[in-house]
1. Do we have VAL66 as assigned to a strand (DSSP E or B) and open to solvent by 50 Å² or more (accessible area, probe 1.4 Å) here?
2. Of the numbered conditions (1) within 21 Å of ASN344 (Cβ to Cβ); (2) at pLDDT 75 or above, ALA205 fails exactly one; give the number of that condition.
3. Inspect segment 332-348 for any residue being over 23 Å from GLU229 (Cβ atoms), modelled with pLDDT of 75 or more and under 19 Å from the mean Cα position of the chain (by Cα) and give the result as yes or no.
4. Considering segment 72-83 alone, what residues qualify as being within 24 Å of GLY126 (Cβ to Cβ) and touching a residue at least 24 places away in the same chain (Cβ under 8 Å)?
5. Does segment 270-291 hold any residues that are touching a strand residue (DSSP E or B) at 6+ places or on another chain (Cβ under 8 Å), assigned to a loop (DSSP other than H, G, I, E, B) and either of a type outside the set (Gly, Ala, Ser) or farther than 19 Å from GLY302 by Cα (or both), and which are they?
Amino acid sequence: MTTPVSLALAIGALVAGAVAGYLVARARTRREEARPPGPTVAELLDRLVRSSHNGVVVLNKFGDMVLHNPRAYELGLVKVNQADSRARKAAEQVAETDEPMEIDLSPLEARGRQPEAVLGQVRPLGDGFTVVEAVDHSEAIRLEAVRRDFVANVSHELKTPVGAIALLTEAVLDAAEDVEEVRRFGGKILRESTRLGQLVTELIALSRLQGAERLPDLNVVEVDAVVREALGRTTLSAESADIAITTDAASGLLVEGDRTLLVTALSNLLENAVAYSPAGSPVSISRRLADGMIEIAVTDRGIGIAEDEQQRVFERFYRADKARSRATGGTGLGLAIVKHVAANHGGSVGLWSRPGTGSTFTLRIPAHVRTDPAPEPAWTAGTQTSPAPRQEKTPERTRLVVTGQDSPDHGGNL
């Protein structure tokens, strides 16, 4: 039987619990109201570390990781949930001396396009904690290597014909009484001076394109006209090499750009295909519209390019086959010019190649959107007719074979 005393005690306990709950809820509400909206400073710092382009690792006095970001894995600072041994040793020294230091964290084995030059800085945080920050300097190292190679190659390429001309001139003077010798040495002087002039011309052209900025004034250019003019420039060298150049049907496609530069780029691709193809092998041109881009592909059945060299063929003076390039009189600047012409037009150049099979270089330029319907090309057996550009004549081509077949897949973009 419940007594008045026990009932009063129960009621008092309930009231006390209600009051305590009210006070706790009120205190919690006040804390939440006092807390500023948005993330805390700790949360922002965590986001900063994780989103940093540099690799960051925080180590305790035992060398164990306390904090790290995803970039640390990419730069090789963290492997299998452990910091690099070089970083741990440096962290121990920094924790003892309380002085920051720099260390080389570059990969011991270079593999593909992974970071090649990684520099780390180790700083003390106090209480035995240290932070290791790794920075990727690979691109700067690559650019410096390219610059050194360019200076060395320019010096070599210019000295070679100049020295040859000087020696040949001395030989002509010594053989002044021998008409046949004078003619022979004179022909060599002419070839070397022509090569020197071509080298200087291409260096000037490349320097003008080096900025890789879009051209200020873009005109509507007929792709078929560019192909015809480039073929006209290449006919003589193709005939001399006994190589037949085939092309697909006229497309009626239009691009926005500089016609002279586009013809130069396509001519360089054709000359390159002819120079690196054996006698009697085919070279083909195809053009198509894909995803708003005009693709002009030049395919050969030449020596091909090894995979590890495909990224470098567009560098200035780089040659996949140096002996063959010398024999054909190449300057090593043709593909570099193609790359920059494409970049100036807001496009790109792609490469597919396999040693012993051949190569396909694809020039991709933004297409011009027609306001009027394009005329359909007229077909006949083995020939074609297409709307000729105004005030333009088609160059004669004795080795040109016209087909209606497309070349193989153009390959990926670089």
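The values are calculated or read from the model by the stated rules, or taken from the named source; none is laboratory data. Computed from a predicted model, the values in this text were never measured in an experiment. Cβ sites come from the backbone with ideal geometry, for glycine too, and all protein chains shown count toward neighbours. Just so you know, the surface numbers come from the protein's heavy atoms only, side chains and all, with ligands and any DNA or RNA stripped out. Shrake-Rupley method; radii C 1.70, N 1.55, O 1.52, S 1.80 Å.
1. Numbers: assigned to a strand (DSSP E or B): yes; open to solvent by 50 Å² or more (accessible area, probe 1.4 Å): yes.
Answer is yes for this residue.
2. Checking ALA205 against (1) within 21 Å of ASN344 (Cβ to Cβ); (2) at pLDDT 75 or above, the one that fails is (2).
3. Here is the first cut: in segment 332-348, the residues over 23 Å from GLU229 (Cβ atoms) are 332.
Then keep just the ones that are modelled with pLDDT of 75 or more; that gives none.
Within segment 332-348, none of the residues are over 23 Å from GLU229 (Cβ atoms), modelled with pLDDT of 75 or more and under 19 Å from the mean Cα position of the chain (by Cα).
4. Filtering segment 72-83 for residues within 24 Å of GLY126 (Cβ to Cβ) gives 72, 77-78, 82-83.
Across segment 72-83, the qualifying residues are ALA72, LEU77, ALA83.
5. TYR276
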